1. Could you list all residues from segment 78-120 that are more than 13 Å from Ala322 (Cα to Cα), touching a Gly at 6+ places or on another chain (Cβ under 6 Å) and in a helix (DSSP H, G or I)?
2. Are any residues in segment 230-264 of a type outside the set (A, V, I, L, M, F, W, C) and farther than 28 Å from Val9 by Cβ, and if so, which ones?
3. Given (1) within 29 Å of Ile91 (Cα to Cα); (2) touching a Phe, Trp or Tyr at 6+ places or on another chain (Cβ under 6 Å), where does Asp206 come up short, assuming only one miss?
4. Any idea how many residues of segment 310-368 are within 20 Å of Gly122 (Cβ to Cβ) and in a loop (DSSP other than H, G, I, E, B)?
5. Looking only at segment 124-173, how many residues end up being among the charged types (D, E, K, R) and under 24 Å from Gly98 (Cα atoms)?
6. Within the group Val352, Val332, Val359, which residue is at pLDDT 90 or above, exposed (fewer than 14 other Cβ atoms within 10 Å of the Cβ) and aliphatic (A, V, I, L, M)?
7. (1) under 23 Å from Asn377 (Cβ atoms); (2) under 22 Å from the mean Cα position of the chain (by Cα): which one isn't true of Asp206, the others all being true?
8. What pairs come up if the first residue lies in segment 185-205 and is of a type in the set (Ser, Thr, Tyr), the second is not in a helix (DSSP H, G or I), and their beta carbons are under 9 Å apart, counting only those six or more places apart or on different chains?
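The values are calculated or read from the model by the stated rules, or taken from the named source; none is laboratory data. Predicted model, so just to flag it, every value in this text is computed and none were measured. Here the Cβ positions follow ideal geometry from the backbone for every residue, glycine too, while neighbour counts run over all protein chains shown.
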Amino acid sequence: MPHTVGVTVELLILLIVIVTALAFDFTNGFHDTANAMATSIATGALRPRVAVALSAVLNLVGAFLSVAVAATVAKGIVRLDAVSGNDLLIIVFAGLVGGILWNLVTWLFGLPSSSSHALFGGLIGSTLAALGWSGVIWAAGSDGVVVKIILPAVLAPIVAGLVSAIGTWLVYRITERSDPGKVEEGFRWGQIGSASLVSLAHGTNDAQKTMGVIFLALVAHGTLTKNDDMPLWVMGACALAIAAGTYLGGWRIIRTLGRGLVEIDSPQGLAAESSSAAIILTSAHFGLPLSTTQAATGSILGTGIGKGAEVRWGVMGRMAVAWLLTLPLAGVAGALCWAIAHFIGGLPGVLVVFAILLVLSALMYVRSRRDPVDTSNVNEWPGDGAPQPVQLPTSLSESTTHSTRA
């Protein structure tokens, strides 16, 4: 009987961890929809609801294209030889809760911070609290946190910005003698393709991070070994979760990226999306869990620089502060959640932390309703005066005949 009870408790903890991981994947979806679709919505290339639906479908497809990033997350952060069983499950669970809470805080304030770094920060924080400095794989040849996470975080927005700035400058030089109306119309159609590619790339990168976490939990439970292949049901569940979150639409962050940083025309949107897609797909190929948010933001900033347009540097500064704080503050949240779960112990500790997550999530949702952002005002940036009415097309085929400048 005691053995049966122990098995049941372990299974319940595993199920809670899997549910929490899928909840993180869901928040990742609506938090990062802006990375693919903000510019297309801002320029009128796609209607808001059409944009998020298209992005959701392509995120779903992209999640099945590769598991290289999942392997990095599953085996490249926590030293699996230093912990196992329920101890590892609680570390993973606490890290997930820390990542979800940071995602919700930044969503509430409309800040396009990195969901990836929120997850990594939470995992690193809970691992440090449980195992100390040696429990984290900081560097191991070409692997480890420094090479796989920190260096890409520094380089991604810089490289994306440079590529996007050069692309934008070339686009405007090539088309400077062309009819502006035809140029705008043609580039809006091009944006549909480039935004779709970013969504596909986002699925190959971000959905895999949650796959890696669930894989880690299954290894801790003993269901899998670290050398097993990724189960198909894990891939499917993560793909559906991120697609559902994407369809919900993180309108606050879409507004910030689409209107808050740079006033975007269709040629800029195409350049930004193409730059983001190229960098995200390259990182997924090499198993680098890149921040798609930082790549997309760097690309959008680059379009403003390449065109010589006004950049709202104050907004960019707030984003940069959020980027710098993501890893450490998500880490603190992960460490605190681990401490609470560990102090109470076992399944009761996990349930208490899960209850805290539910309460704080509900409070942030209620607070967001005081200043709602949705399809009706996603193209209106506060402080720019009375925006012009947004005339949205009645169908996708008509989307290239309208402009939605706020």
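1. Matches in segment 78-120: Ala94, Gly95, Gly98, Gly99, Leu119.
2. Of the residues in segment 230-264, the ones of a type outside the set (A, V, I, L, M, F, W, C) are 231, 236, 245-247, 249-250, 252, 255-256, 258-260, 263.
The answer is Gly245, Thr246, Tyr247, Gly249, Gly250, Arg252, Arg255, Thr256, Gly258, Arg259, Gly260, Glu263.
3. All conditions are met except number (2).
4. 0
5. Qualifying residue count for the region: 2.
6. Val359
7. If we test Asp206 against (1) under 23 Å from Asn377 (Cβ atoms); (2) under 22 Å from the mean Cα position of the chain (by Cα), just (1) comes out false.
8. If the second residue must be not in a helix (DSSP H, G or I), the pairs left are Thr204/Ala63; Thr204/Phe64; Thr204/Leu65; Thr204/Ser66.
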